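Read through the structure below, which is laid out as structure tokens, and then see the notes.
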Amino acid sequence: MFPLQGVQMLQTLEKSLRKSLPESLKVYGTVFHMNQGNPFKLKALVDKWPDFTTVVIRPQKEEMIDDFDHYTNTYQIYSSDLKNCQEFLGSPEVINWKQHLQIQSSQPSLNEVIENVAATKSVQVKHSQCFLYMMINEVKKLVPSLLDGKKLSPSGGKPNAINQEMFKLSSLDVTHAPLVNKFWHFGGNDRSQRFIERCIRTFPTFCLLGPEGTPVSWDLMDQTGEMRMAGTMPEYRDQGLISHIIYFQTQALDKLGFPLYSHTDKNNKIMQKMCYKLNYIPMPCDWNQWHCVPL
């Protein structure tokens with residue numbers, strides 16, 4: 001295990017991961033934010049340097065004080081050598097398998113690796129797999145070959161108009177975290193709310209305020225640079241509010257150079273149509289998350 005320290009090493013890691021996109025996307029996005037001040041206090045571990053084959057991003061140990069908080073105890077992984085990766089993940093210095101934790105990756109091939117290691121650690125694993133999308137501007141910059149043969153939306157990537165007298169573009173504050181938490185598919189508990197509060201404090205957020213001056217639709221960004229936790233109040237759905245937010249969010253964040261991507265449930269046809277309309281490009285690999293619980 002080799003912990004990377006210093007600006008130069010992390011910048012070199014970011015450049016190396018860029019060559020492995022889109023399979024390295026979840027890790028690449030995380031390292032990008034580490035190089036922008038590391039607001040989530042993460043650390044990068046590799047099997048060797050500079051010719052690494054496996055990289056794991058994890059919180060500092062002093063951040064992982066709650067053994068049941070899998071939102072904080074989250075690891076992002078990329079590997080070009082699955083055999084080596086399995087050995088690497090088995091080290092207690094790399095992953096604390098005694099905690100409730102999450103592993104995230106853009107590599108579906110890691111599933112067997114994680115299942116094998118978890119079995120030796122007496123850990124139960126639940127695998128979630130979703131479609132992975134990247135904003136067209138990011139694809140043009142990072143992996144232009146993925147645009148070959150792609151049919152783009154005739155809308156030019158713009159959403160339908162909304163009633164701008166009724167809805168005002170704004171940002172969230174921490175008092176809105178319970179609302180976001182209530183509608184987040186992976187949330188709904190105290191620990192997820194604390195995670196949402198941290199994301200709101202740390203990263204740019206976007207929402208639409210309704211007639212009462214409170215959020216009716218919103219979208220956040222997490223520590224990996226992914227746009228997620230989007231939601232709309234039930235009484236305001238089917239009006240194109242989310243697509244309006246995401247369009248302006250991507251315009252703003254693209255100017256900051258952030259790698260912009262998101263995931264969508266494979267059964268969520270509405271969000272898949274929205275991604276197509278906004279010219280989000282489907283990736284050839286999937287979004288993966290493993291929720292791990294010690295037995």
>> Within region 21-105, what whole-number % of the accessible surface is contributed by carbon and sulfur, with the 1.4 Å probe and all protein chains included in the calculation?
In response: 47 percent
> Can you list the HN-Hα couplings for region 279-295, worked out from phi with the Karplus curve (6.51, -1.76, 1.60; θ = phi - 60°), rounded to whole Hz and with x for Gly and Pro?
Replying inline: 6, 7, 8, x, 8, x, 10, 9, 8, 10, 9, 10, 9, 10, 10, x, 7
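Taking loop as defined by DSSP and a crowding limit of 14 other beta carbons within 10 Å, which trypsin sites (Lys or Arg not before Pro) in region 1-44 fit? Mind showing how you got there, number by number?
Values: sites: 15, 18, 19, 26, 41, 43; in loops: 19, 41.
Here the trypsin sites (Lys or Arg not before Pro) that fit, given the DSSP loop and packing criteria, are 19, 41.
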> Among 188, 29, 231, which one shows the biggest mean-square fluctuation in a GNM of the chain, springs joining Cα atoms closer than 10 Å?
Replying inline: 188
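Within region 108-192, which GluC sites (Glu not before Pro) sit in a loop by DSSP and count at most 10 neighbouring Cβ atoms inside 10 Å? Don't skip to the end; give the middle numbers.
Working: sites: 112, 115, 138, 165; in loops: 165.
Qualifying residues, ordered by number: 165.
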>> Starting from the Kirkwood Rh over alpha-carbon pairs, what translational D in µm² s⁻¹ does region 2-132 have by Stokes-Einstein at 4 °C and 1.567 mPa s?
In response: 87 µm²/s
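Ignoring ligands, DNA and RNA, what percent of the accessible area of region 157-278 is carbon or sulfur (1.4 Å)? Can you show the working numbers first?
Numbers: 2900 of 5790 Å².
About 50 percent, which is the carbon plus sulfur part of the accessible surface.
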> Is the shape of region 157-278 best called rounded, prolate or oblate, per the rule: a/c under 1.5 gives rounded, else a/b larger than b/c gives prolate, else oblate, with a ≥ b ≥ c the square roots of the Cα gyration tensor eigenvalues?
Replying inline: rounded
>> Taking only complete DSSP H runs, can you tell me which helices of the chain stretch 20 Å or more along their own long axis by Cα positions and average at least -0.5 on the Kyte-Doolittle scale?
In response: 241-255
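Just need the relative contact order of the chain here, percent rounded to a whole number, with Cα pairs under 8 Å and 6+ apart. Walk me through the numbers on the way to the answer.
Working: 537 pairs, mean separation 73.1, N = 295.
With pairs under 8 Å counted, the relative contact order is 25 percent.
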>> If I take all pairs of Cα atoms in region 122-196, what percentage of them are more than 18 Å from each other?
In response: 70 percent
> Taking only C-alpha pairs under 8 Å that are 6+ residues apart, what is the relative contact order of region 1-80 in percent?
Replying inline: 29 percent
> Considering only protein heavy atoms, what per residue accessible area in square angstrom results for region 64-170 with a 1.4 angstrom probe?
Replying inline: 51 Å²
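The values are calculated or read from the model by the stated rules, or taken from the named source; none is laboratory data. Please read all numbers here as calculations on a predicted model, not as lab measurements. In this analysis, Cβ positions are derived from the backbone assuming ideal geometry, glycine residues included, and neighbour counts consider all displayed protein chains. Areas reflect the complete protein model, heavy atoms only, side chains present, ligands, DNA and RNA absent. Shrake-Rupley method; radii C 1.70, N 1.55, O 1.52, S 1.80 Å.
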